[in-house]
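Engineer: Below you'll find the structure I mean.
Here, each number is a calculation from the coordinates, and none is a lab measurement. Just so we're clear, the structure is a prediction, and the values are computed from it rather than from any experiment. Here the Cβ is made from the backbone with ideal geometry for all residues, glycine too, and neighbour counts use every protein chain on show.
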Amino acid sequence: MNSIVTQRFIKCHDKLREENRVRSSRQFALSLDYLPQSLSEILKGRRDVTIELIRKAVEVYKLNPVYLYTGEGPPFMTEGGNQDVRILTVVTNAQDQELIVHVPSAAQGAYVQELGNPQFIQNLPHFLLPEYRYQAGTIRSFDVTGDAMEPTLFEGDKLVCQYVEPGHWETGIRENHIHVVVTRADVLVRRVANNLREKKQLRIFSDNDYYNEQILPLADIRELWVLKTRISPYMGAPSHPVRKVREDIKEVKQALGQQNQLIHNLLERIDKLSPDRS
């Protein structure tokens, strides 16, 4: 069954045909540089609309993304309206596969300012992972900066995340799961408690107790990405934190064993020297 966003996209397509703004579904697809056969699969309910197709439809036919993602407002944008609406830019290869765009730490400050600049997004590093789960939906990766998520995540880790569409924020956010939250000022890696439906805000908090939780109003949130996979640099076995803890525990056990043996020997000597010993 189509997602609700795809269903609304189909309604917009049908309205364009009813108003004779497009002559046919084939013309609609070709005007968006999209395969007519693939559009036919969408219209028949066999696949969901892609973010890239929505982006092109917004540019060419002024589909209202607020309507597509939330069901609010008119299906099409009016002149001068919806100036703050932005469609996610994606990068594809020659085979029309969507690539994973990586946002390194050095680019995160610019990222929040250039979200609406397709050229900036296309110039960021991008790559492809072989597993299907990294090719379904829009995937992006982010560098971890700072120590806010220690001991779970460390600076230099790379987080492979899936895009959470704005229309799914109220119900699709995984409670207390790690997300990348892009605000109007920063890129934050935090756990999320969802209060959007009741209070139109997110509560975000760190795994590092030094940092206080924050309240983010809905108006400050620009993108949400849910963590799928962490890629960590290999630091060598001796410095691995889990191995180090195990080695420390082993040393403590050995020390306790030696102390117990000393106490046992001492008690035996005292027992031998005791005048009450028969």
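Engineer: What number in nm² do you get for region 4-70 if you take the convex hull of its Cα atoms and divide its surface by four?
Structural biologist: 3.9
Engineer: Rounded to whole Hz and in sequence order, give me ³J(HN,Hα) for region 131-138 from the Karplus expression 6.51 cos²θ - 1.76 cosθ + 1.60, θ = phi - 60°, writing x for Gly and Pro.
Structural biologist: Running phi through 6.51 cos²θ - 1.76 cosθ + 1.60 with θ = phi - 60° gives 6, 4, 5, 9, 10, 9, x, 9 Hz.
Engineer: Against the 2.2 N^0.38 Å scaling, with N counting residues, where does region 124-220 land? I'd like the Cα-based Rg ratio to two decimal places.
Structural biologist: 1.12
Engineer: Okay, next question. So what's the Cα pair-distance distribution over the chain, bin width 5 Å, in %?
Structural biologist: 1, 5, 9, 13, 14, 13, 10, 8, 5, 4, 3, 3, 2, 2, 2, 2, 1, 1, 1, 1, 0, 0, 0
Engineer: Glu150: net charge of surrounding residues, Cβ under 14 Å, Lys/Arg +1, Asp/Glu -1, itself excluded?
Structural biologist: Net charge around Glu150: -2.
Engineer: Still on this structure: Check Lys228: other-chain or 5+ apart residues with amide H under 5 Å from its amide H, H built from backbone geometry?
Structural biologist: Here the answer is Val160, Cys161, Gln162, since their amide H atoms fall under 5 Å of that of Lys228.
Engineer: Provide the packing ranking of 24-33, 255-264, 209-218, i.e. peptides ordered by the mean count of other C-beta atoms within 10 Å per residue, highest first.
Structural biologist: Packing order, densest peptide first, comes out as 24-33, 209-218, 255-264.
Engineer: Taking Lys11 as the anchor, which lysines have their alpha carbon closer than 18 Å to its alpha carbon, excluding any fewer than eight residues away along the same chain?
Structural biologist: Once the sequence-local lysines are set aside, what remains near Lys11 is Lys44, Lys56, Lys62.
Engineer: May I ask you to evaluate 6.51 cos²θ - 1.76 cosθ + 1.60, the Karplus curve with θ = phi - 60°, for each residue of region 98-113 and list the ³J(HN,Hα) values in order in whole Hz, giving x for glycine and proline?
Structural biologist: 6, 8, 8, 7, 9, 10, x, 4, 5, 9, 5, x, 6, 4, 5, 8
Engineer: How do Lys228, Lys250 line up, fewest other C-beta atoms within 10 Å first?
Structural biologist: Lowest to highest Cβ neighbour count: Lys250, Lys228.
Engineer: Can you work out the Karplus-derived ³J(HN,Hα) for every residue in region 143-155? Use 6.51 cos²θ - 1.76 cosθ + 1.60 with θ = phi - 60°, whole Hz, and x for glycine or proline.
Structural biologist: 3J(HN,Hα) across region 143-155, in whole Hz: 6, 7, 10, x, 10, 5, 10, 5, x, 7, 10, 10, 4.
Engineer: Hey, what number do you get for the chain at 222 nm if only DSSP H runs of n ≥ 4 count, each worth -39500 (n - 2.57), divided across all residues, to the nearest 500?
Structural biologist: Computed mean residue ellipticity for the chain: -10500 deg cm²/dmol.
Engineer: Can you give me the C-alpha center-to-center distance between region 193-226 and region 133-181, rounded to a whole angstrom?
Structural biologist: Region 193-226 and region 133-181 have Cα centres spaced 13 Å from each other.
Engineer: What is the gain in length, in nm to one decimal, between Arg269 and Leu35 on full extension, counting 0.36 nm per residue of separation less the C-alpha to C-alpha distance?
Structural biologist: Difference between extended and current length: 75.1 nm.
Engineer: Amide H of Phe76: which non-local residues (sequence gap of 5 or more, or other chain) have their own amide H closer than 5 Å, using H built in the peptide plane?
Structural biologist: HN-HN under 5 Å from Phe76: Asn64.
Engineer: Provide the net charge surrounding Arg190, with neighbours chosen by a C-beta distance below 12 Å and charges set as Lys +1, Arg +1, Asp -1, Glu -1.
Structural biologist: Net of charged neighbours comes to -1.
Engineer: Using amide H atoms built in the peptide plane, which far-off residues or other-chain residues are under 5 Å from Arg47 H to H?
Structural biologist: Ile42
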